[in-house]
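Here is the structure we will look at, set down as structure tokens.
The values are calculated or read from the model by the stated rules, or taken from the named source; none is laboratory data. Please read these numbers as outputs of a predicted model, since none were measured by experiment. All Cβ positions, even for glycine, are placed from backbone atoms using ideal geometry, and neighbour counts span all protein chains on display.
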Amino acid sequence: MKNKEQLEWVKTQLGKYPNFSTNDYGTFEPQQSFADCMKNVTRESGAYVVVLEKESSFEVLYIGSSGKFRLNENGLGEIGVRKDGGIYARLVKGKKKKQNRSKQWEIDLREMKEFGLKLHIYWVQTAFDKVDVSINKIPLFVEATLMQSYYEHFKRPPAWNLSF
């Protein structure tokens, strides 16, 4: 785990998107409920990065996205939001190891059995402008761009991204 190199990478990469704010993150600690900690996460489409903090060192664990590019009722393309709540729903209700991601991440962090571990989830909403759609980005594109950058910089995928 690197001191702050991976955390700085996250902020730099997400900072390339006009709707990113360094205030757009949630923090989860093992004694907490993951779902409760993620209440401020956007209910819109976008990409997110999960970062493990351990003793002031940071490691990117997972890169993901929520939302689909689809044809709307007017025959135009739009970036759709997951029915049950965008990035928030993907984090809290999505699946990992056939279990709700929120419950599995609680288990994963507790199994590490180390004091002071935290998960930070940073996100960027990628579809936010109904007028100038040219600045909107397809969530999967942003996820792929983040994954490619991570691979180029660190020469491996994040630990929880088993494949892409």
Next on the checklist: Every residue in the stretch 52-76 that is without any contact (Cβ under 8 Å) to a residue 24 or more places away in the chain and more than 24 Å from GLN148 (Cα to Cα), please.
Outcome noted: LEU71, ASN72, GLU73, ASN74, GLY75, LEU76
Item to check | Residue in the stretch 78-110 that is farthest from PHE58 (Cα to Cα), counting only those that are of a type in the set (Asp, Glu) and at pLDDT 75 or above | outcome: GLU78
Item to check | ALA35 among the aliphatic types (A, V, I, L, M) and at pLDDT below 85 | outcome: yes
Checklist entry - Taking the stretch 72-92 as the search range and keeping residues that are among the small types (Gly, Ala, Ser) and farther than 14 Å from SER102 by Cα, which one is surrounded by the most Cβ atoms within 10 Å (Cβ to Cβ)? => result GLY86
Checklist outcome for this item: Going through the stretch 17-66 in order, the residues found to be under 26 Å from GLU111 (Cα atoms), assigned to a strand (DSSP E or B) and among the hydroxyl-bearing types (Ser, Thr, Tyr) are TYR25, THR27, TYR48, SER57, TYR62, SER65
Next on the checklist: Being in contact with a Lys or Arg (Cβ under 7 Å, 6 or more places away or on another chain), in a helix (DSSP H, G or I) and within 22 Å of GLY67 (Cβ to Cβ) is the requirement here; does GLN148 meet it?
Outcome noted: no
Item to check | Candidate set from the stretch 124-142 (those that are in a loop (DSSP other than H, G, I, E, B) and among the aliphatic types (A, V, I, L, M)); member that is farthest from PHE20 (Cα to Cα) | outcome: VAL131
Checklist outcome for this item: Note on GLY80: of the conditions (1) of a type outside the set (S, T, N, Q); (2) in contact with a helix residue (DSSP H, G or I) (Cβ under 9 Å, 6 or more places away or on another chain); (3) without any contact (Cβ under 8 Å) to a residue 40 or more places away in the chain, unmet is (2)
Checklist entry - Quick one: what pairs do we get from the stretch 133-153, first residue within 22 Å of VAL81 (Cβ to Cβ) and free of Cβ contacts under 8 Å to residues at least 40 places away in the same chain, second charged (D, E, K, R) and surrounded by fewer than 21 Cβ atoms within 10 Å (Cβ to Cβ), C-beta under 6 Å, 6+ apart or different chains? => result none
Item to check | Test for SER45: is it surrounded by fewer than 18 Cβ atoms within 10 Å (Cβ to Cβ) and of a type in the set (Gly, Ala, Ser) | outcome: no
Next on the checklist: Every residue in the stretch 23-43 that is over 17 Å from GLY86 (Cα atoms), in contact (Cβ under 8 Å) with a residue 60 or more places away in the chain and not small (Gly, Ala, Ser), please.
Outcome noted: THR27, PHE28, GLU29, PRO30
